[in-house]
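Read the structure below first, then the notes.
The values are calculated or read from the model by the stated rules, or taken from the named source; none is laboratory data. For clarity, every value in this text was computed on a predicted model and none was experimentally measured. Note that each Cβ is placed from the backbone with ideal geometry, even for glycine, and that neighbours are counted across all protein chains shown.
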């Protein structure tokens, strides 16, 4: 498994889709910056700005982003026509899928790091008060861990889409709706702890200082374990979709009779 993960990491160098993930992390920060222009009396501080970036990551950007990139990475073997060769090594398709999912987990940490860096840079440009070494460290920890937990929450969608031939775009759409549903789940305290997307917020103690916010870390943890178990079922029962190229039919030429 270690060599498989190492090989997949080397492959990332030729995937330009990774830059799309970096752009989407920047887009989340830009959307938050755009919301600061609203004249609604909101007092913007560094911690509040970070919270809004996390909210945009959870509900709009990251589930769709990681599902798109993970689906692309998984689908490359079939697109490049290398899946048939890999499966003859022999390597089971489930092992190959686990290796790619582990690499995507590392990617989620990388995107969290990028998102946190963009957040700090944006705050330094805007000059929001309340920034300090402690708050910057907290921002990096919260955003990076939240991206990892969000990835775990979306893993069943990615694993399910991997069972479908060219299903990574379907997985991206499902992940976007799944993430956007977190906006509605957050309105109910009990549902917010159970719904995997919002449970990721509970595991990083998002806005835990607010008396109106009640997180049950144990339930949030059970939610993450449940999605991991669902993912395991999808992965272990998955079969490689090796594309079969249609053979060209030979056209029989009829010879003319006579002169």
Selection from the range 19-44 of residues in contact (Cβ under 8 Å) with a residue 40 or more places away in the chain and in a loop (DSSP other than H, G, I, E, B) yields 36, 44
Examine the range 85-105 for a residue that is within 22 Å of residue 27 (Cα to Cα) and at pLDDT below 95, and state whether such a residue exists.
yes
(1) assigned to a loop (DSSP other than H, G, I, E, B); (2) under 13 Å from the mean Cα position of the chain (by Cα) all hold for residue 178 apart from (1)
In the range 203-227, anything surrounded by 14 or more Cβ atoms within 10 Å (Cβ to Cβ), assigned to a helix (DSSP H, G or I) and within 18 Å of the chain's Cα centre (by Cα) is listed as 223, 224, 226, 227
From the option list 200, 165, single residue qualifying as touching a residue at least 60 places away in the same chain (Cβ under 8 Å), within 29 Å of residue 75 (Cβ to Cβ) and in a loop (DSSP other than H, G, I, E, B) is 165
* Asked: In this structure, does residue 145 turn out to be touching a residue at least 12 places away in the same chain (Cβ under 8 Å) and in contact with a helix residue (DSSP H, G or I) (Cβ under 9 Å, 6 or more places away or on another chain)?
  -> yes
Subset of the range 127-137, residues outside any loop (DSSP other than H, G, I, E, B) and either in contact with a helix residue (DSSP H, G or I) (Cβ under 7 Å, 6 or more places away or on another chain) or crowded, with 16+ Cβ neighbours inside 10 Å (or both), comes to 135, 136
Here the residues within the range 181-197 that are assigned to a loop (DSSP other than H, G, I, E, B) and in contact with a helix residue (DSSP H, G or I) (Cβ under 8 Å, 6 or more places away or on another chain) are 186, 195
Going through (1) under 17 Å from residue 57 (Cβ atoms); (2) buried (at least 24 other Cβ atoms within 10 Å of the Cβ) one by one, residue 171 fails only at (1)
| message | Quick check on residue 46: is it at pLDDT 90 or above, surrounded by fewer than 18 Cβ atoms within 10 Å (Cβ to Cβ) and farther than 25 Å from residue 157 by Cβ? | response | no
